[in-house]
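Here is the structure we will look at.
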Amino acid sequence: MSTLPSHERVSPRDLSARPEHSPDSPLSIHALTVAYQRKPVLWDVEFEAPGARLIAIVGPNGAGKSTLIKACLGLVAPAAGRVEFWGGPYRRSRIRVGYVPQRESVDWDFPVSALDVAAMGRYALIGWCRPVSRAHKRAAMDALEYVGMGELSKRQISQLSGGQQQRVFLARALAQDADLYFMDEPFAGVDAATERAIIEVLRSLRAKGKTVICVHHDLQTVPEYFDDVMLLNMRVVASGPVGDVFTRENLVATYGGRLTLLDEASEALARAARGGG
Amino acid sequence: MSPQMETFISLDLPAMLAGTLAALACALLGNFLVLRRQAMMGDAISHAVLPGIVVGFLIAGSRSTWPIFLGAGVSALVTVMMISALRRVARVEAGAAMGVSFSIMFALGVLLIEQSTARGVDLDAGCVLYGQLEYINWYPPTDWGEFWSAGTLDLIPRQVVVLLGAVGVIALFVGVFFKELRITTFDPAHASAIGINSGLMGAVLMTLVAGATVAAFEAVGSILVIAMLITPPATARLLTDRYSTQILLSVGFAVVTGVLGYLVGAFLPSALGFEGMALNIAGTMTIVGVLMLIGAIFASPSHGVIARAVRRRRLARQIARDDILALLFRLEEIRPDHAMLDDQLREATGHTQARAALRELVSRGHVERTNKGLALRDSGRALARGVVRSHRLWESWLVDTLGLRADHVHQTAERLEHLRDAGRPIEPGEPGREFDPHDRPIPDRDDPETPRSGRE
Amino acid sequence: MNAPLASISDAASQAPTLTEIVRTLTLTAGFNAKVVVLSAALLGISAGLVGCFALLRKRALMGDALAHATLPGIALAFIIGAAFGLEARSLAVLLPGAAIAGIAGVVCVQLLVHHTRLREDAAIGIVLSGFFGLGVALLSYIQGGNYADAGGLNTFIYGQTAAMLPRDAALMGAVALLTILASVLFHKEFAIVAFNEDYARTQGWPVPRLDLLMMGLVVLVTVVGLQAVGLLLIVALLIIPAAAASFWTRRLRTMVILSGCIGGFSGYLGASVSALTPRMPAGAVIVLTGGVVFLLSMLFAPQRGLLAEQIRTFALRRRVAREHWLRRLYEAQDRGGAPVSIPTHDLVSRGLGLGSVLARVDLRLSGLIEVSGAGASLTERGTREGARVTRNHRLWEQYLMTYADLAPSHVDLSADLVEHVLSPELIDELETALRERKALPERLPDHTEREAGGRP
C-alpha cells in the first residue's frame, strides 16, 4: 500500500525517525499535544531550546504555559508527541533538570527551614535512606548565600516574604546544580530587589552555559531579561530570539488583541528599540 | 389479623419506620455535606455528640428526649466551633482539625459512659454505635375503631415521634431554603455578595446535622448516621447532575435503604435457615446503602463504569469503521482499480476492533467482498466521503486558523474526524478552498445520498 | 494492686494512694501495670511518629477510615479461623485479618476517588461507615451463632488496655522500633513527598510507593493499637501528638521527635491514670491526655501558640495606634506651621480599641507628646518621629497609587497594616522606585528636617 500518500499515513514511529532531535539541545519538544479530559489545552507544540540561553514562555492566562512545563517534566501525561532532553528521555537526565514550581503550589506552613528546602535540591544526589551529609548541607547553604538568603537560612519558610520564598526555591534549584532549569513564574509576587537578584542569578547561570526556561507574565521585561521567547496560546505562535519574534504582530496573534496587555508590550518594544537592543 | 401480622406491626413495623425515618433525615442533610465537600463534618459531629448525650442523660436520669437533645446540641456546637477555631486561629489543617476535635470529644464521651455505668445508669457504649432498634415496639389496639383515639397516639414509640419531627423540620428547612442552600453550596462568595449569609447557612446546616444525629442515634446508632449522611447522597451524585433530582433520588435511596436494610437484617438469616437469629439492623442498613452505591458506580447511565466502558467500546468501533471506510476511499482515489484484502486492511488500520467493524460494514452493505478484495459500495462510499471530507477540512482549519505546520496536522485531524454532531462528522467552518494543505481534494458533501454515519 | 487492672468495669473504687501512684508511674507497681503502661507508651511513640508524617501528607482522616475498616477483617478472620479450628480469639489470627481489611479500606478510598466523581471526603465517609457497618453485621452474626468466647471481639471497638499480655508489649516494642527506624531512614523521602509532591516526582522519587510505605506504617500502628485503644479512637493517637507538636516547632526533625515524645507521654500517663483509677477506660484516657497536651500546646507554645499570637497582634495594634496619633498630630502641626493641640478623644480610633488608649500612655511616657487641658501636642522629638511616620505613610500611599496595577503583585502584605511594618530598606526602595518614575509625593517630610515642625 505504498501508493497511499505518505503524509496521511504518518505513525508515531515514523516521527521518531525525524532528525530534528539533536543530542546537543537541552530540550526538544516534538508534536506535543496535551489534553485535560480530552479537551486539548496544548496543540502540537514544536520547540527546540538552544543551549546557554534564557528563554521566556509568554502567553495569556489559560494559554497552557504551566501545562507545557509540567508535560515536559512528566507531571502531566501528554496525549501525543515527545519531549527529549539532550536527545534522550527525561528519566535518563532527571538530575540535570531543575524545577522551580509556582509559588501557589507549595504548602508554606510546612515545618521546613529555608536551608531544608534548599537541601531538597540535593536529595536526588544523596539517594535513598541516607541523611543529608555536611557536604550537601554546605552546598545548599552556598546556594542560599548565592541568592542572598544566607542570613535567613534558619527561618521557617512561612516567615519569609514572597520574594524571599522565591529565592529559596531558586536556591533549591541551584543546589541541584542542573543544566536546564524550568521556572514557573519566578517573578510573580516578588519585590523589586528579588526580581533583580533573580535575574542576576539567571544571567550567571547562562554564563555557565546553562539554559533557563521561565514562564513569564510581565511583557515589559521580556526584551530586557530574556534571549529567546516562545509565544504560546494553546499553540506556539512564534518562538526564537526576542529580537525576531517579539513583534507586535506576533503579540497580537498571541493575545488576540487584548489591548491593555498589548499596550504594555508595545511600550516595552519601544523601550527595547530605544535601548538599541 | 393473623398473629404473624400482629408481630410484624408491633415489633417490626415501628423499628423499620424508625430506621427509615433516621435514614431520611440524614440523607436529606447529607446532600449538602457531600456537595460542600464536608462529608467528614458529618462523621465528626456524629462522634462528637456523645459527651453531650451522656451528660444530658445523667442530668435527666432517664432517656427523656429534651435534655439529651440539648446536651448533644451543645457538644455539636462546641465541636463545630472547635474545628473552625483550630482552622482559623491555630491554622491547623482541616482534616487534622476535625480529627483532633471529634476524637477528643468522643474520648470524653466514652469516659463519661464508663463513669456513669458505675452509678447504675443504663447507657452503654455499644448502643451508642449500633442503636437499639430492637427495643422499639408498638402495640396498637387490635380493633380499628379505637385506632384514632388519643390514647393510641400515645402508644406510638417515642423514637418514631422524635424522628418524624426531625424529618419534618429538616424537610421544611430544605424546602424553604431550597435555592439559598443551592447558591451557598455552589458559590458561597457569590451568595455573600448578593446578601445571603453562607456562613449562617452553614451553621444552621451543622446544627441540623447535630439534631438529626441525636434524633437518629438512639434508634440506629452513630454508625448508621454517618452512613446515611453520606451514602444515599453520594449514590444520587453518581446518577444525576441536577440539584433537585439529586435530593429526590437521595430521599428515595434512603427509604429503600431503611426498608430493605431492615428486612435483610430481621428476616434474611431465618430465611436462610439460621433460626431465631437476627443481624444487627444498623449494620445491614449500612450494607444495603453501600451496595446501592456500588450498583450506581457500575450501572449509572451517565457516570457508571459499565456505561463508560460501553461508550468507549462503541466509540472504538465507530473509529475503526470510519478508518476502514476512509482507507478504502483513499485507495479508490489513488487506484480506482485496486482492491484491498482483509488482512492488509486490518494491518493498515491496526485496530483491535477492525475485524468486528469490517464484519459490521459488510453486513450492512457498506462494503462488499469482491473476488479482487474489499470494495466500497455506494452507501459506504457516501459515508467514507463524509469522513475524509471532515479530515481534510480539519487539516485545512488547523493550518489556516491555528497556524500549525502542514506536516503536523494529520494526527490531530485523524482524531478530530471522528467527532460527531447528530451522527454526522463535524465540519469546521466553511472550506475556503477545494484542496487540503496536502493538495488532496476535499470531497463534496452533496452526493445524492447524503451519508448518515453508522451509529445505528 | 492488680485489682484495677483486671477489668475496666469491676474496679476497686477507693482512690489510689500516693505509693500506688508513684509505683505505677515508675513501672514498679507489679507486672500487669508495668506491661500495660509500657505498651501504651510504646504504642504512643509509634503512633506519634507515623502520625506526624501522615498529618503532613494531609492523610490524617485516612487513618480514621483505615481504623474503622479493620472491624470486618477481625470478624471475618474470627469466622474463618473458627472454621479451620484455630484458636479464633488469638491475635495471630485476628490482626492479619484487621490489617488486610484496613488496607482494603484504603484501596477502596483511592478507587472511589480515582474512578468515580466522588471527592475524598465522601469516599472516606463511605468506606468508614460501609466497612464498619459490615463489621457490625458480622459481629452480630458471630454472636448469634454458636461460637465460644465470641464476646471478646467487641473489645476491639473501644479497646481494653488492661487485657494486655507481655507478648503484646513485645509486639508494641517491635513496632515502635520499626517505626523509629523507618522515620530515620525515610525522613527525607517522606519530607520531600509531603512538602512538594510534584517536585518530588520531577526529582525521580517514586511518590506512589512512598505513599504506600507511609500508609503501610499507619496500618501497622493501627492494627497493633486496636486492642489497646480501640478502632474508634486510634486515629486520635495518630493525629493529636503531631498536631500538638506542630505548635512548638517549625523544624520537621524536631516535630517528628516531639510528636513521638508527646505520643509516648500520653500513652504512659494515660495508661497509668487508667490503671490507678477505677472506671477509666485506658483508650479514652490516653486520648484525653493527648488532648490536654494539645490544648496546652495550642495556648502556650512560645512561637505559634495562641497566647503568643495574641500578644503579637496586640503589639502591632499598639504600634498602629501610636503611629496614627503621631501622624494626625504632625499633619495638623504641619498645616498650621506651629505646634497644635488636638483633643485626645479625637485621636482615639475605635477600630484599635485598647491599643489606642495604651498608645497615648506610651507616647507620653516616651516623651513624644505632651497632654494638657487643650489636648495632645507633639514634643520636639515627637515632631521628628511624626515626620518619619508621615513620610512613610505618604511614600506608601503614593507607591500604591503610582503602581496600582503592579503593587499588589510586588507586595505580599496587602492589608493597610503594611505601612506600619515597612523596614527602612524597603522605604528606601520605595523612594528610589518613585523617584525613578518621577512620582515622589509633593509634600514629603524629611525625617532629618526640623523646620517643618515649626520649631518655637
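The values are calculated or read from the model by the stated rules, or taken from the named source; none is laboratory data. This is a predicted model, so every value here is computed, not measured. Glycine gets a Cβ as well: all are built from the backbone with ideal geometry, and neighbour counts include every protein chain shown.
Couple of notes before you dig in:
- Criterion applied to C:LEU111, C:LEU95, C:LEU128, C:LEU118 was being surrounded by fewer than 17 Cβ atoms within 10 Å (Cβ to Cβ) and either more than 10 Å from chain B (Cβ to nearest Cβ) or of a type in the set (A, V, I, L, M, F, W, C) (or both), and the one residue passing it is C:LEU111.
- Some residue of the range C:301-315 being of a type in the set (A, V, I, L, M, F, W, C) and closer than 30 Å to C:PHE186 by Cβ: yes
- Across the range A:35-70, the number of residues qualifying as modelled with pLDDT of 85 or more and part of a strand (DSSP E or B) comes to 10.
- Of all residues in the range B:254-287 being within 13 Å of chain C (Cβ to nearest Cβ), part of a helix (DSSP H, G or I) and among the hydrophobic types (A, V, I, L, M, F, W, C), the one that is surrounded by the fewest Cβ atoms within 10 Å (Cβ to Cβ): B:LEU268
- Selected residue (criterion: surrounded by the most Cβ atoms within 10 Å (Cβ to Cβ)) from residues of the range A:97-114 that are in contact with a strand residue (DSSP E or B) (Cβ under 8 Å, 6 or more places away or on another chain) and assigned to a loop (DSSP other than H, G, I, E, B): A:VAL112
- Test: residue in the range B:47-63 that is among the hydroxyl-bearing types (Ser, Thr, Tyr) and assigned to a helix (DSSP H, G or I): no
- Test: residue in the range A:153-162 that is under 24 Å from A:ASP179 (Cα atoms), more than 8 Å from every other protein chain (Cβ to nearest Cβ) and surrounded by 14 or more Cβ atoms within 10 Å (Cβ to Cβ): no
- Per-region count, the range A:35-89, residues farther than 24 Å from B:VAL399 by Cα and more than 14 Å from chain C (Cβ to nearest Cβ): 11
- Within the range A:90-107, tally of residues that are more than 10 Å from chain C (Cβ to nearest Cβ) and either aliphatic (A, V, I, L, M) or over 18 Å from A:GLY74 (Cα atoms) (or both): 1
- Test: C:LEU220 is more than 11 Å from every other protein chain (Cβ to nearest Cβ) and either free of Cβ contacts under 8 Å to residues at least 12 places away in the same chain or in a loop (DSSP other than H, G, I, E, B) (or both): no
- The residues of the range C:266-301 that are surrounded by 24 or more Cβ atoms within 10 Å (Cβ to Cβ), polar (S, T, N, Q) and farther than 20 Å from C:ARG23 by Cβ amount to a single one, C:SER266.
- Remark: B:ALA97 matches the filter, which requires a residue to be in the same structural domain as B:THR213 (by TED's automatic domain parsing) and at pLDDT 90 or above.
- Residues (small (Gly, Ala, Ser) and either modelled with pLDDT under 90 or over 23 Å from the mean Cα position of the chain (by Cα) (or both)) located in the range A:140-163: A:GLY148, A:GLY150, A:SER153, A:SER158, A:SER161, A:GLY162, A:GLY163
- Matching option when the condition is under 25 Å from B:PHE106 (Cβ atoms) and assigned by TED's automatic domain parsing to the domain that holds C:LEU231, among C:LEU76, C:LEU61: C:LEU61
Conditions tested, residue by residue: (1) away from chain C (no Cβ under 12 Å); (2) free of Cβ contacts under 8 Å to residues at least 12 places away in the same chain; (3) under 13 Å from B:LEU238 (Cβ atoms).
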residue: B:SER300; (1), (2), (3): no, no, yes
residue: B:ALA307; (1), (2), (3): yes, yes, yes
residue: B:ARG317; (1), (2), (3): yes, no, no
residue: B:ALA320; (1), (2), (3): yes, no, no
residue: B:ARG335; (1), (2), (3): yes, yes, no
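- Test: residue in the range B:293-303 that is at pLDDT 90 or above, under 21 Å from the mean Cα position of the chain (by Cα) and closer than 20 Å to B:ALA25 by Cα: yes
- Some residue of the range A:181-189 being in contact with a His (Cβ under 7 Å, 6 or more places away or on another chain) and surrounded by fewer than 20 Cβ atoms within 10 Å (Cβ to Cβ): yes
- Unmet criterion (only one of (1) assigned to a helix (DSSP H, G or I); (2) among the small types (Gly, Ala, Ser); (3) modelled with pLDDT of 75 or more) for B:GLY365: (1)
Here is a yes/no grid of residues against (1) free of Cβ contacts under 8 Å to residues at least 12 places away in the same chain; (2) on the phi < 0 side of the Ramachandran plot; (3) within 24 Å of the chain's Cα centre (by Cα):
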| site | (1), (2), (3) |
| --- | --- |
| B:ASP187 | yes, yes, yes |
| B:SER198 | no, yes, no |
| B:ALA210 | no, yes, yes |
| B:ALA216 | no, yes, yes |
| B:VAL220 | no, yes, yes |
| B:PRO233 | no, yes, yes |
| B:VAL255 | no, yes, yes |
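- Hits in the range C:294-308 (condition: in a helix (DSSP H, G or I), modelled with pLDDT of 90 or more and within 11 Å of chain B (Cβ to nearest Cβ)): C:PHE294, C:LEU295, C:SER297, C:MET298, C:LEU299
- Complete set of residues in the range A:75-96 that are part of a loop (DSSP other than H, G, I, E, B) and either aromatic (Phe, Trp, Tyr) or under 20 Å from C:ALA194 (Cβ atoms) (or both): A:LEU75, A:TRP86
- Search result, residues across the range B:174-197 that are over 15 Å from B:VAL251 (Cα atoms) and surrounded by 14 or more Cβ atoms within 10 Å (Cβ to Cβ): B:PHE177, B:GLU180, B:LEU181, B:ARG182, B:ILE183, B:THR184, B:THR185, B:PRO188, B:ALA191, B:SER192, B:ILE196, B:ASN197
- Checklist (1) within 13 Å of chain B (Cβ to nearest Cβ); (2) buried (at least 24 other Cβ atoms within 10 Å of the Cβ); (3) over 14 Å from C:LEU220 (Cα atoms) applied to C:PHE78, failing item: (1)
- Test: residue in the range A:75-86 that is farther than 30 Å from B:GLN411 by Cα and surrounded by fewer than 16 Cβ atoms within 10 Å (Cβ to Cβ): no
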